[in-house]
Amino acid sequence: MSRLLSNPITYVVGLLLLIALALFLLSMVYLRQARRGRYWRLRHAAGQRGGQLFLISMTLFGLAATVAFFSGFAAIAVEEVNQFLFGTPNPTIWLRRVGDDWTVLEDIPADRPSPFAQWVEHIRRGTRATENVANATDLSALVEAANRSAELGTPIEVASGNRGVPD
């Protein structure tokens, strides 16, 4: 929640939404007056003002939504609301092999840096991402084996740990 409130975009979006809501409510008052006023000129003027305020309020709602979406604020807000409503996810991973009972996977490795952060780090150090290339090679072998298995209708064994990395 603190990273959400430290962002000035939060206040901009909140202010836009508050102004839009106030203008929307004011436009509803004018539009109601346009239907129930005593004199036709007052009804006409109230209807004009109400319509203009309604359009302005809808424009501000749209602007606030656009700013929230393109600044990434909306994603952070949705994440914070989900965490507030449902709590943090349970870090326990349950694993079940065919024919076995459910077991808890105990040895869960710590989170690694994002692929982008890894890429930047390799550029800074002047190294190659050999592990990522090996993972891509293994994934390609797995997909090929799955397609071959579907084609033949029988299980295909995949050699695990095939870490052939092209230079």
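Quick note: the coordinates plus some simple rules give every number you see, no bench work behind them. Every value quoted in this text rests on a predicted model; they were computed, and no experiment measured them. Cβ: placed from backbone, ideal geometry, glycine included. Neighbour counts: every protein chain shown.
For the chain, excluding the exposed loop sites themselves (GluC sites (Glu not before Pro), DSSP loop, at most 11 other Cβ atoms within 10 Å), the longest remaining stretch covers 1-105.
Counting only alpha carbon atoms, the long axis of helix 8-36 and the longest principal axis of the chain meet at about 40°. Could you state the angle between the C-alpha long axis of helix 130-152 and the longest principal axis of the C-alpha atoms of the chain, as a value from 0 to 90 degrees rounded to the nearest 10? The two axes meet at around 80 degrees.
Rounded to 0.05, the FRET efficiency of the Ala150 and Leu105 pair, given R0 = 41 Å and the Cβ-Cβ distance, is 0.90. Here the alpha carbons of the chain define both size measures, Rg and Dmax, at 29.0, 87 Å.
Of interest is the spacing of the C-alpha centroids, which for region 96-149 and region 7-58 amounts to 55 Å. Translational diffusion of region 2-86 was estimated from the Stokes-Einstein equation, with Rh taken as the Kirkwood radius over Cα pairs; at 4 °C and 1.567 mPa s the coefficient is 89 µm²/s. Here the average projected area of the convex hull drawn through the C-alpha atoms of region 109-167 stands at 5.5 nm². Length available on full extension from Ala45 to Ala134: 0.36 nm per residue minus the Cα-Cα distance, which gives 24.9 nm. Listed peptides 9-22, 107-120 appear in the order 9-22, 107-120 once ranked by packing, highest mean of other Cβ atoms within 10 Å at the front. For region 46-83, list residues with backbone N below 18 Å from a point placed 7 Å from the Cα of Phe116 toward its Cβ? Once the point is set 7 Å along Cα→Cβ of Phe116, 68-79 turn out to lie under 18 Å by backbone N, inside region 46-83.
Protection proxy ranking of 34-40, 134-140, 47-53, by the mean of other Cβ atoms within 10 Å over each peptide's residues and highest first, is 47-53, 134-140, 34-40.
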